[in-house]
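Accompanying notes for the structure given below.
The values are calculated or read from the model by the stated rules, or taken from the named source; none is laboratory data. Being a predicted model, the structure only gives us computed values, none of them experimental. Counting neighbours? That spans all protein chains shown, and the Cβs are built from the backbone with ideal geometry, glycine included.
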Amino acid sequence: MINTVDLFKKIATHFQQSVDGCSKAEEMFDEVEKVFLDNLLVRDLSLITNAIGLIEKSFGDIQIAQLADQLNISERTIRTHFNNHVGCAPKEYIRLVKLRQAAYQMKHSGNSLTDIAYDNNYFDQAHFIHEVKNITGKSPNELGKEIPHFRFLQF
C-alpha cells in the first residue's frame, strides 16, 4: 500500500494535524480541498503520463534506457519519478503491462502458452510461467480459468 507520509512527507503530517484539529465535517472538507489545491493539483505529472503512454503503446516491450532516451531524461530520473508518483519502479510497471497483455492474449487468442510467452518477449514458457506466478500467485492455467472475472490494470 502507499504510505502517504513517505509520499507526501510534511504535507501529510501537516494535513493530519489540521484534520485532527477540525471539529466540524465542513472544516475537514475545507482542509482536504486546501491540500489538493495547494499541493497535489499543482504537480506536473506530464513526465509520468508520457512515460506510461510509451509503456502502454509498446505493450511493455520497452527497456528503461529506451524509455529514458525517448523522454530525453536519465534512467535515474525516470526511476525517481516513478517511485515518487506511481509508487513502484518503472521496471515493475512494465512487468504489469506485459502481464496484462499476456492475460488478454490468453483470453482472446487461443494461442499456446509458449506462443504467448514469445509474443510478449519472455525468454521461454518457463520464464513466463514463473513471472505470472510471481505477480499473481497463480499459474497461467489457473489464471486462464479466472480471466472472464479477472480485472487487472484496467484504466
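Consider residue 155 carefully, then state whether it is assigned to a loop (DSSP other than H, G, I, E, B) and at pLDDT below 85.
yes
Restricting region 48-86 to residues that are of a type in the set (S, T, N, Q) and not in a helix (DSSP H, G or I) leaves a set whose member that is surrounded by the most Cβ atoms within 10 Å (Cβ to Cβ) is 58. Please enumerate the residues belonging to region 106-127 that are over 15 Å from residue 139 (Cα atoms) and part of a helix (DSSP H, G or I). Those that are over 15 Å from residue 139 (Cα atoms) and part of a helix (DSSP H, G or I): 108, 115, 118, 119. All told, residue 94 meets the bar of being within 28 Å of residue 119 (Cβ to Cβ), touching a residue at least 24 places away in the same chain (Cβ under 8 Å) and touching a Gly at 6+ places or on another chain (Cβ under 6 Å).
Among residues of region 10-21 that are surrounded by 14 or more Cβ atoms within 10 Å (Cβ to Cβ), those with a beta-carbon under 7 Å from a residue that is of a type in the set (S, T, N, Q) and part of a helix (DSSP H, G or I) at least six positions away or on a different chain give the pairs 11/39; 12/4. Could you go through region 131-138 and let me know if any residue there is assigned to a helix (DSSP H, G or I) and surrounded by fewer than 13 Cβ atoms within 10 Å (Cβ to Cβ). Yes - at least one qualifying residue is present in region 131-138.
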